[in-house]
Each structure stands twice: as C-alpha cells, then as structure tokens.
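Here the structure comes first, spelled out in structure tokens, and everything after it is commentary.
The values are calculated or read from the model by the stated rules, or taken from the named source; none is laboratory data. Since we're looking at a predicted model, the values are computed, not measured. No Cβ is skipped: glycine too gets one built from the backbone with ideal geometry, and neighbour counts run over all protein chains shown.
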Amino acid sequence: MDQVTSFDWARIFVGEQPLFFLAELFLRVVVIYIMALLLLRLAGKRSRQQLTTLELLLVIALGSAVGDVMFYPSVAIIYTIIVMLTILILQLLIEKLKTKFPRFDKFVDSKPSLIIKNGKFVEDNLKTENLTKAEIYSSLRLEGIRNMGEVEYAYLEIPGKISVFKFEKGHELDGYVLVPYQEE
C-alpha cells in the first residue's frame, strides 16, 4: 500500500494527476451531462414526475454509470456511453413489455394499495406497504382532509402518493380528527 502524507493540500485539492487533467475532467463532465440529459429526454416526460420503481432504478443506474467516468482518468467516455445506451434500451424494452403483458407490469410496478376504507385503516395493507399512520395523516391533511370520517377510500398509488375519494357531502362518518391543533 502506498504511503499517504497527511494533509498534503495539493493531493487533497488538486489530486495526483497532472494539472491539465482538470481541463479533461471538465470535458468529461460536459459530455456525460449532455448524454444523460439526452437519454432522460428520450425516456419521456414521466421521468420528471414522482418516480415509479422502474424510473428510480433508471436514475440509480445512470447515476452509477456516469459517476466514475467524470473523475477517473482510466475510465473511457465510450464505456459510459455504452452503459448508458444499454440502460436506456433496457428501460424502453421493459416499458414495452409492461404495456404488452399486464402481469409483468404488476410485477415491476405492483398496483395501488387500498389503505383506508370507510374512514378506517386497512391495517394489513399498512403493514405490507410499511406505512405509519402519521405519514398517512400528513398526506390526508395536505389533501385538505380534517377528519378520517370524510374518507371513503384512499389508495397508495404506484409512485407513492395517496389518492383520496371522499364521501359525498352529508354522508361523512364520525372519525379521527386530523387537525393537530386548533386555534381557540
């Protein structure tokens, strides 16, 4: 193992590569950034909404693929471009398979989960989805819900948001008050 000199400021801030490598580093980042931007644009507008499982995987895979080439001189840019194109092809192929085979879609993205029915929690589904009641209360308040009795159905959707269906006006049930405190 190489001997490391502690607090070698040149090594810490500039590194051990020749100074001109900083210009190459700039070029590497610009090329990979533009390539990533193009690939994300090709992936579609959905990548800018809340992420599904597949889209999150895409972000993680792309992040992993582009990281090394930006600062390791031994990693050629072409390697990263090939990896990024392969990831994009896999992404597009999986999206096609999801539209063609509903069971495959359900496997990849699961399905919405009923978490509230008639103002009451569906406890088994909360456990399955690893949700706390406090998280759901917060989401319901953000939807303008003041009382659990207002909620006929609530679903945890695939991207992680909660969709709420309220009882019709006048048909609400008595339920848990969600307002954390009320002004007097």
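Here is how the numbers come out for the structure above:
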item	result
Failed criterion for GLY175 (all others in (1) in contact with a Leu (Cβ under 9 Å, 6 or more places away or on another chain); (2) not in a helix (DSSP H, G or I) hold)	(1)
Residue that is surrounded by the most Cβ atoms within 10 Å (Cβ to Cβ), among those in segment 1-16 that are in a loop (DSSP other than H, G, I, E, B) and modelled with pLDDT of 80 or more	ASP8
Given (1) outside any helix (DSSP H, G or I); (2) free of Cβ contacts under 8 Å to residues at least 40 places away in the same chain; (3) closer than 30 Å to VAL31 by Cα, index of the condition LYS96 fails	(1)
Considering residues of segment 75-100 that are exposed (fewer than 12 other Cβ atoms within 10 Å of the Cβ) and not aliphatic (A, V, I, L, M) only, the residue farthest from the chain's Cα centre (by Cα)	LYS100
Qualifying position, being in a loop (DSSP other than H, G, I, E, B), among the hydrophobic types (A, V, I, L, M, F, W, C) and surrounded by 11 or more Cβ atoms within 10 Å (Cβ to Cβ), among ILE116, ILE158	ILE158
